[in-house]
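Bear in mind that the values in this text are calculations on the coordinates, not laboratory data. The structure presented is a predicted model; accordingly, all values stated were derived computationally and were not measured. A quick note on method: Cβ atoms are made from the backbone with ideal geometry, for glycine too, and the neighbour counts reach across all protein chains shown.
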Amino acid sequence: MNVVRDREDAWDVAQEAFVRAWQALPSFRGQSAFYTWLFRIVMNVAADRLRQRGAAGRAFGTERVPEEEFERVMVDQDETPAETAARSEERERIMQALEALPERHRTIIMLSDLEGLSYREIADVLDIPIGTVMSRLHNARKRLRDVLGPMLLVLLALIGLSVTPAHAQPPTVRFGARVVLASNAPPPPGFPSVPPPSEERIQLVVPKLRQLFGYREYTWLDRYRAEVPVGTIQRWPMPGGRQLEVTPQSIDDSSVSMQVRLSRGTVTELTTNIQAASGHPAVIGGPPHGNGVLLIIIWARANPDRR
């Protein structure tokens, strides 16, 4: 409804999008979250419908008349007729301001401020870089401010649009990964490794790993740290010519939601979404390697500079 502005078109878009998703399901490889994969299909179908509508309007020399649902305003019984008229006028101005935005700006405001998608999710849906998402959203909000001025607070109240100041930056996440080889026998001499954590940490972690995975030996192979804004992909090399991608997606109190992808060449060996926090790492069982399997331990700390 927010994109096509017509109830019947919205139903048609939803139905066609589910049909396309069902047909394309065998091609889904898990390189993005299923939610954003489906959202991208919906947005593509909606864009097709808008182009078809524009072509039809040009052919017949007319413009589509908005449905009366968009003209209805809930009546406050305590409002005077003058207040009701003023509120209706404000709402009309707001809708005109949104309609005046280019499609790419209106779409990105809808995805961010109405649908609540993260920068990373918007980038996946629109198939554009995160930097483009941030600059396009900044420009779209600036255009709205230029048009609406002091009415921006009314916009917040009427359509739930949460406008972030242009200079605001996404929150920062500090996180890291430990890569461990789990096996039932020690690795051969010369097998590449890094120093293990402190003895206290080993006594705390290894029994839990044995309980979870059942292997007797745990060899520490790699360790990494990073500090990046939410929505930024962090890539690290992994044993066996692999690559680990970790993307912080959102913060909930002190817990960080992260998307993790492990690939080898063009093959995705593992993809999952996890919750991690300081003191509460997530442990992922990975693919076979050497005489055992790789384990990935990921911890995170939200807003590391906050005191």
Simple SL model, points at 7 angstrom along Cα→Cβ for Y35 and E103; separation in nm is 2.6 nm
Scoring segment 168-307 by relative contact order with C-alpha pairs under 8 Å, at least six apart, yields a percentage of 30 percent
Given 128-140, 16-28, the highest-first ranking by average Cβ count within 10 Å works out to 128-140, 16-28
Length gained if E217 through D127 is fully extended, taking 0.36 nm per residue and subtracting the Cα-Cα distance, is 28.1 nm
On the formula 1/(1 + (r/R0)^6), with r taken between the Cβ atoms of N184 and W11 and R0 of 51 Å, the FRET efficiency rounded to 0.05 is 0.35
FRET efficiency for V19 and R51 from the Cβ-Cβ distance with R0 = 22 Å, rounded to 0.05, comes out at 0.70
Fewest-first ordering of D6, D12, D127 by Cβ atoms within 10 Å yields D127, D12, D6
Quick calc: nm separation of the 7 Å Cα→Cβ label points for R225 and D146 -> 4.4 nm
Whole-percent tail of the Cα-Cα distance distribution for segment 172-302, cut at 18 Å, equals 52 percent
Around L126 (Cβ within 10 Å, Cβ-to-Cβ, excluding L126; K/R +1, D/E -1) the net charge comes to 0
